[in-house]
Amino acid sequence: MTQCCINPSILSADFVNLEAELGRIANADAVHVDVMDNHFVPNLTIGLPVVQRLQQVSPVPLDAHLMIAEPDRWAPSFADAGLASVTFHVEAAAAPIKLARELRARGSKAGMALRPATPVEPYLDMLTELDMLLIMTVEPGFGGQSFLDVTLPKIRRARRAVEDAGVKVAIQVDGGISEDTIARAAEAGANVFVAGSAVYGAEDPQAAIESLRAAATAAFA
Ligand code: DX5
Ligand code: ZN
């Protein structure tokens with residue numbers, strides 16, 4: 001049975017009340033924290049000091065998505081902060097294998113993210129170095145964009161490669177995940193789902209998490 005995780009993104013939360021916003025998603029598997037530096041993506045969010053405080057107060061584990069230049073230099077500090085999982089973009093990493101090893105050595109799970117147009121094939125030999133592969137289903141940078149169906153074949157190929165290699169690597173999807181799209185992503189092979197606007201835009205975020213989980217679980221079956 002595939003383990004299904006729903007990770008709401010605090011990018012769609014109220015940034016002036018982050019602690020209270022974490023309390024509204026207490027039934028989530030983890031909270032997805034989008035770090036943007038205005039270099040790798042054309043948007044700026046929060047940095048290490050805010051993430052360190054979130055880590056101290058969050059009732060659920062933190063799943064950081066670093067949309068930053070030079071992750072080799074900055075990502076290890078996020079692992080040192082005690083985060084459950086730290087994901088860097090392969091397009092920005094100088095030495096992704098070394099970086100993944102460093103994250104694991106510091107006690108975090110190591111995630112590697114691919115933009116929608118980045119192929120997965122060049123990285124299949126390094127799956128053993130990873131705990132999670134993040135396949136972006138929108139161009140990174142902003143919440144509330146439409147799911148890109150063109151990424152579905154890549155999700156399928158990544159799932160097949162993970163099964164063939166017999167490794168335990170989660171496949172996360174991020175961007176445009178909603179009750180309308182989650183089944184397609186789950187059928188293709190994703191098992192960790194980031195949802196920003198679909199959760200924080202809902203009147204009852206906890207109920208939205210449960211509906212998303214039910215839709216994904218039905219699609220696995
Ligand atoms: C976009 C971020 C996403 C974003 C998703 O670059 O990485 O995590 O918050 O938002 P939705 O679910 O609204 O597409
Ligand atoms: Zn994200």
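No lab work stands behind these numbers, since they all come straight from the coordinates. Because the structure is predicted, anything quoted here is derived from the model rather than measured. Using ideal geometry, Cβ is built from the backbone for each residue, glycine included, and neighbour counts are taken over all protein chains shown.
Data table
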read-out	value
Two-site FRET efficiency, L148 against A105, from Cβ-Cβ distance with R₀ of 22 Å, rounded to 0.05	0.05
Among beta bridges that DSSP assigns inside the chain, antiparallel share in %, nearest 5	5
A214-R160 FRET efficiency (beta carbon distance; Förster radius 22 Å; 0.05 resolution)	0.30
Point-charge dipole on Cβ atoms (K/R +1, D/E -1) for segment 5-220, about Cα centre, debye to 20	520
Near-label residues of segment 54-78 by backbone N, under 19 Å of a point 7 Å along Cα→Cβ of L44	66-71, 74
Highest-first arrangement of 182-189, 208-215, where packing means the average Cβ count within 10 Å	182-189, 208-215
The chain: calculated mean residue ellipticity at 222 nm from DSSP helix runs of at least 4, using -39500 (n - 2.57)	-10000 deg cm²/dmol
Rounded to whole Hz, the Karplus (6.51, -1.76, 1.60) HN-Hα couplings of segment 103-117, x for glycine and proline	4, 5, 4, 8, x, 9, 6, 9, x, 10, 9, 10, 5, x, 8
Computed over the chain: relative contact order in percent, which uses C-alpha pairs under 8 Å that are six or more apart	21
Local electrostatic count at Q3 - Lys and Arg +1, Asp and Glu -1, tallied over other residues with Cβ under 13 Å	0
Taking segment 130-196 and dividing mean pair separation by its residue count, relative contact order in percent (alpha carbons under 8 Å, at least six apart)	41
Highest average packing first - 18-26, 76-84, Cβ atoms within 10 Å	76-84, 18-26
Burial order of peptide ranges 195-203, 169-177, 6-14 (average beta-carbon count within 10 Å, highest first)	169-177, 6-14, 195-203
Under-5 Å amide H pairs with A113, H placed in peptide plane, nonlocal only	F88, H89, V90, L134
Karplus-derived HN-Hα couplings along segment 12-27 (A = 6.51, B = -1.76, C = 1.60, θ = phi - 60°), whole Hz, x at Gly and Pro	8, 8, 7, 5, 8, 10, 4, 5, 5, 5, 5, x, 7, 10, 4, 8
